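Note sheet for the following structure.
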Amino acid sequence: MIHLKNCTIGYSSPLFSIDDILLKKGSIYALIGSNGAGKSTLFSTLTNQLSTLSGTITIASQPLQSYKLKEIAKKVSFVQSKTDYPDFLTVEAYLALGRTPYTNTFGRLAKEDHEIIKHIIKRLKIEEFLPKFMHKLSDGERQIMAIASALIQETPVLLLDEPTAFLDYGNRMKIIKFLKEIAVTEEKCILFSSHDLELCLEEINQFLYIDQAEKKLILANDLTKEALLERAFNLY
Amino acid sequence: MKNRTVILPIALCFLLIVLSVFHLTTGDLNFSFSTFYNSIFNYNSANSTELIIHEFRIPRLLIAMIAGSGLAVSGMLMQTLFNNPLAGPYVLGINTGSSLFVACSFMTGIPFLTHDFSIITSALLGAFIFGLIIISFSSFVRSHISLLLIGLMLGSFTSSIISILQTNSSSEELKSFTLWTMGSLQSVSFDQLPLILLVFFTGLFLSLFLIKPLNTLVLGSQASRLLGINLKTFRLACIGITALLTGLVTAFCGPIAFVGLAVPNSTRLLFKTQSHGILLIGNSLIGACFLVCSDVLIELFEPYFHLPINVFTSIIGAPIVIYILIKRLK
């Protein structure tokens, strides 16, 4: 789904490079790295807000840079770690915004859009939240709504920036298990960043980390905690 | 929820009609509906009642509605654009931009430049340029309050320039400009109404195209960009429409403060929604009601003391701003 080849990533000076990484449909990847290693920069690059310093990234076998704003919004959705929601935004209205890339100039929802929204609401069992205001929900509930909105956006790629930050242990577990399940059932390619090492090691078996010694993004399977700590955080 | 979005607009329309009737009939003038009808469609300037209705009452009522709606809608656009409930055309110095440009065209003394059309054009241009200045500041000023302070400073800086212009102008030019700055709903004549209505409805019509990006922008600029919204185009369009509406109102009524700030906040509280289609309707109606109501009160006070519209809206608007600030900062 996402193919990164011979890229260097960074703002003006390179932060890290990538040799050849292929992220597949139906899989979930945890992105691990210390603060400032470049996790957010990678997300900015994958959402086409920042171009690669060199090399190309292809998403759905099309170079990322060739996508128009509206087209990329149909391929990649991004859940920010924390958003401030304004007063009086109902969950129902918020979820409907997920259809933005597909609606007409006036943002009118077609029959098809309503059906997709209904389907996801049913799938996540969040009917009871619809009339509530976003800013009144708990952090955990809000995170679920953000994921729901991303699913409503119907993109093959789902990126999440620290989806488990600000949550208690129970909710963190719930979110990660939930993402794992979606990756398989909805055939998504999910990449999320996290500082929750223990939880990720327990639940996830594919890791992306930025090797501190080589300044390289590495894809690895079934790492031990020690190996991960050593390479991603330069410890031991 | 659904009831609110249906019943409220109907109730507001009704309120607006009631207020309009009050507005038209305040004062010593007694007239029947047929006289009112004649004064619009069958106008005879020899009939003094018809003359008063035609030349004074109707233009004043319509311009009150248009000014209220226009400023309220501009305020809504600014507040969502800057993601800041305290933004508005007046606090951000956009009105003052209009004033500066209008002052320049008054002070030149060239008759062509003091024509209606030139006044509107310069007011629009001033509003648009000042809108662009504020937008370029907003790209590197993150804090809401700082942006407002910059807007206010820009406003007072520009006011000073206007004062310099005033001290160096002839008494005739000074008089017409000073009268204009007091803000008035009385300076519009019946013949100017078609042009004003045309510009106003163009602005309202164009803002329909902003509803979709406005709805996504409440999630922040990054989120709306990732939903496929072209922010550059949107920001320009937003400033353009604000300039059109604010410039129009400022050109004919002078700078009117706080309507663009107080009304959108009240509308949001009343309608309890972030759907900008509904807010657009709400703001137009509440803005119109607010200014017509203010003008009725001004007319009622008229025998005792004269209250310029700008003074009146500030008296009501400033406390509302303080209230919002306290609520936000708590």
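The values are calculated or read from the model by the stated rules, or taken from the named source; none is laboratory data. Small disclaimer: the values here were computed from a predicted structure and weren't measured. With ideal geometry, Cβ positions are generated from the backbone for all residues, glycine too; neighbour counts draw on all protein chains shown. Surface accessibility is based on the protein's heavy atoms, side chains included, excluding ligands, DNA and RNA. Shrake-Rupley method; radii C 1.70, N 1.55, O 1.52, S 1.80 Å.
Structure data summary
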read-out: Rounded to the nearest 20 debye, dipole of the range B:61-329 from Cβ charges on Lys, Arg, Asp, Glu; value: 1240
read-out: Under 10 Å, Cβ to Cβ, from B:Leu24 - net charge with Lys/Arg +1 and Asp/Glu -1; value: +2
read-out: Dipole magnitude of the range B:139-262, debye to nearest 20 (Cβ charges: Lys/Arg +1, Asp/Glu -1, about Cα centre); value: 640
read-out: Derived scalar couplings ³J(HN,Hα) [the range B:185-191; Karplus, 6.51 cos²θ - 1.76 cosθ + 1.60; whole Hz; x for Gly, Pro]; value: 9, 9, 8, 9, 9, 4, 5
read-out: For residues of B:228-236, the mean tally of beta carbons on other chains within 10 Å; value: 2
read-out: Area of A:Phe233 that stays accessible when all protein chains are in place (1.4 Å probe, Å², to 10); value: 60
read-out: Spherically averaged projected area of the range A:1-124 from its Cα convex hull (nm²); value: 9.9
read-out: Relative contact order %, chain A, counting alpha carbon pairs below 8 Å whose residues are six or more apart; value: 28
read-out: The range B:48-178: relative contact order in percent, alpha carbon pairs under 8 Å with at least 6 residues between; value: 28
read-out: Heavy atoms of B:Thr242: accessible area, 1.4 Å probe, square angstrom to 10; value: 0
read-out: Calculated P(r) of the range B:275-330 - Cα pairs past 15 Å, %; value: 63
read-out: Pairwise Lys count, chain B - Cα closer than 26 Å, eight or more residues apart or different chains; value: 6
read-out: Test item: B:187-198 mean partner chain Cβ contacts at 10 Å; value: 0
read-out: Sequence of B:Arg4, A:Arg172 from largest to smallest accessible area, 1.4 Å probe; value: B:Arg4, A:Arg172
read-out: Tail weight of P(r) past 32 Å, computed on alpha-carbon pairs of the protein assembly as shown, percent; value: 54
read-out: DSSP-defined antiparallel bridges as percent of all bridges, chain A, nearest 5; value: 55
read-out: A:Glu127 accessible area, 1.4 Å probe, all protein chains in place, Å² to nearest 10; value: 90
read-out: For the range A:213-223, Karplus couplings with θ = phi - 60° (6.51, -1.76, 1.60), whole Hz, Gly/Pro x; value: 6, 9, 6, 9, 8, 10, 9, 9, 9, 6, 7
read-out: Computed over chain B: relative contact order in percent, which uses C-alpha pairs under 8 Å that are six or more apart; value: 32
read-out: Compactness index (Cα Rg / 2.2 N^0.38 Å), the range B:61-329; value: 0.96
read-out: Average partner coverage of A:128-136, which counts Cβ from other chains inside 10 Å; value: 1
read-out: For chain B, with +1 on Lys and Arg beta carbons and -1 on Asp and Glu, the positive-most of B:His54, B:Ala251, B:Thr233 along the dipole; value: B:Thr233
read-out: Percent accessible area from carbon and sulfur atoms, the range A:143-195, protein chains only, probe 1.4 Å; value: 52
read-out: Lysines whose Cα lies under 17 Å from that of A:Lys188, excluding same-chain neighbours fewer than 8 positions away; value: A:Lys24, A:Lys25, A:Lys74, A:Lys75, A:Lys177, A:Lys180
read-out: 5 angstrom amide H check on B:Gly254, placed H, neighbours 5+ away; value: B:Ser184
read-out: Helix runs (DSSP H) in chain B reaching 18 Å along axis by Cα, Kyte-Doolittle at least 0.5; value: B:2-25, B:58-81, B:94-108, B:116-138, B:144-167, B:193-207, B:231-253, B:276-301, B:309-329
read-out: Solvent-accessible area, 1.4 Å probe, carbon plus sulfur percent, for the range B:61-329; value: 74
read-out: Peptides ranked, highest mean first, by Cβ atoms within 10 Å: ranges A:203-210, B:42-49; value: A:203-210, B:42-49
read-out: For B:Gly220, distant residues with modelled amide H under 5 Å away; value: none
read-out: Chymotrypsin sites (Phe, Trp or Tyr not before Pro) lying in DSSP loop within the range B:110-155, provided at most 12 other Cβ fall within 10 Å; value: B:Phe140
read-out: Cβ-based net charge around B:Gly282, under 12 Å, with every Lys or Arg adding one and every Asp or Glu removing one; value: +3
read-out: Global size of the range A:89-236 as Cα Rg and Dmax, reported in angstrom; value: 17.7, 57
